[in-house]
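Colleague: Below is the structure I would like to discuss, written out as structure tokens.
What follows draws every value from the coordinates through simple rules; no lab data is involved. Computed from a predicted structure; not experimentally measured. Virtual Cβ from ideal backbone geometry, glycine too; neighbours counted across all protein chains shown.
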Amino acid sequence: MHAFWPTFACSWIRFNEIDICLIGDEMKSNRLKHLYIEELRDLYSAENQLVKAIPKMAKASTSPDLRAGFEEHLNQTKEHVARLEKILGALGESPKGKKCKGMDGLIKEGAEMIEEDPAPEELDAGLISAAQRVEHYEMAGYGCVIAYAKLLGENHAESVLMQTLREEKETDQKLTRLSSRINVEAADSEETNGANVHSKKAAPMKAKAVQV
């Protein structure tokens, strides 16, 4: 007789243990799917913010290798945006509507460092530090959505997200290799009277003094 009861009432009034468990799992799945979609949107916002920020980091860098690395990762980031659009589209969801405040904060920190106008060696080392913070933030985010996709049976999305995560890890490793040289250059740079002699701001003053 209970088979004719409304489905939405099952979790409250049916006494069949199996039915209760099934409904409970379905409710949990729905909650996880909602979180999955929200996290995908968060990553979509983060990647789009990076599409705008990376060219500024590339322009600020003085190391040709570091600049080339940023330019290469910009192309990857654009592809990451496209992948997230397809994944959310397959779910019937819009990728827009959420701003990633975490990425916004990381980008602002990097911009502040650039505005301080440090010496070239210090600037490049700082840019690598800022970029690796971004990479680690993204790796954590992608790790979460991959776990959600696996639990939700979104096998194709899981595979695509894994590819992005591998690329983020590879970028982080490239930055680490670059830092092994650039950090040493920053450590070897000299300071005079508390001010870096290689500072871009100090350079015109020095040239002016020579002319006098």
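Colleague: What do the square roots of 5 times the Cα gyration tensor eigenvalues come to for the stretch 108-194, in whole Å, largest first, as semi-axes of the equivalent ellipsoid?
Modeller: Each semi-axis is the square root of five times an eigenvalue, giving 36, 13, 7 Å.
Colleague: What ranking of Met103, Met57, Met113 emerges when the number of other C-beta atoms within 10 Å of each C-beta is taken as an exposure proxy, fewest first?
Modeller: Met113, Met103, Met57
Colleague: What is the order of Leu178, Leu123, fewest Cβ neighbours within 10 Å to most?
Modeller: The fewest-first ordering by Cβ neighbours comes to Leu178, Leu123.
Colleague: Could I ask something else about it? Using Cα centres only, tell me the gap between the stretch 52-67 and the stretch 126-181 in whole Å.
Modeller: Taking the Cα centre of the stretch 126-181 as reference, the centre of the stretch 52-67 is 20 Å away.
Colleague: Using a simple spin-label model with points 7 Å from Cα along the Cα→Cβ vector, what separation in nm is obtained for Val51 and Ala111?
Modeller: Those two pseudo-labels are separated by 1.8 nm.
Colleague: Next question, about the same structure. Between Leu152 and Asp188, what is the spin-label point distance in nm, taking each point 7 Å from the Cα along the Cα→C-beta axis?
Modeller: 5.1 nm
Colleague: In debye to the nearest 20, how big a dipole does the stretch 50-165 give about its Cα centre with +1 on each Lys and Arg Cβ and -1 on each Asp and Glu Cβ?
Modeller: The calculated dipole for the stretch 50-165 is roughly 660 debye.
Colleague: Report the percentage of all Cα-Cα pairs in the stretch 30-186 whose separation exceeds 24 Å, rounded to a whole percent.
Modeller: Looking at the stretch 30-186, the distances longer than 24 Å represent 34 percent of pairs.
Colleague: Right, something else. Quick check: net charge around Glu185, other residues with Cβ under 9 Å of its Cβ, Lys/Arg +1 and Asp/Glu -1?
Modeller: With Lys, Arg at +1 and Asp, Glu at -1, the neighbours total -2.
Colleague: Another question, if that's okay. If you rank Val184, Val134, Val160 by fewest surrounding Cβ atoms within 10 Å, what's the result?
Modeller: Going from least to most buried by this count: Val184, Val160, Val134.
Colleague: In addition: Starting from the 7 Å offset along Cα-to-Cβ, what nm value, one decimal, do you get for the label separation of Glu38 and Glu170?
Modeller: 3.3 nm
Colleague: Can you give the net charge of the other residues whose Cβ lies under 14 Å from the Cβ of Glu167, counting K and R as +1 and D and E as -1?
Modeller: Neighbour charge sum, excluding Glu167 itself: -3.
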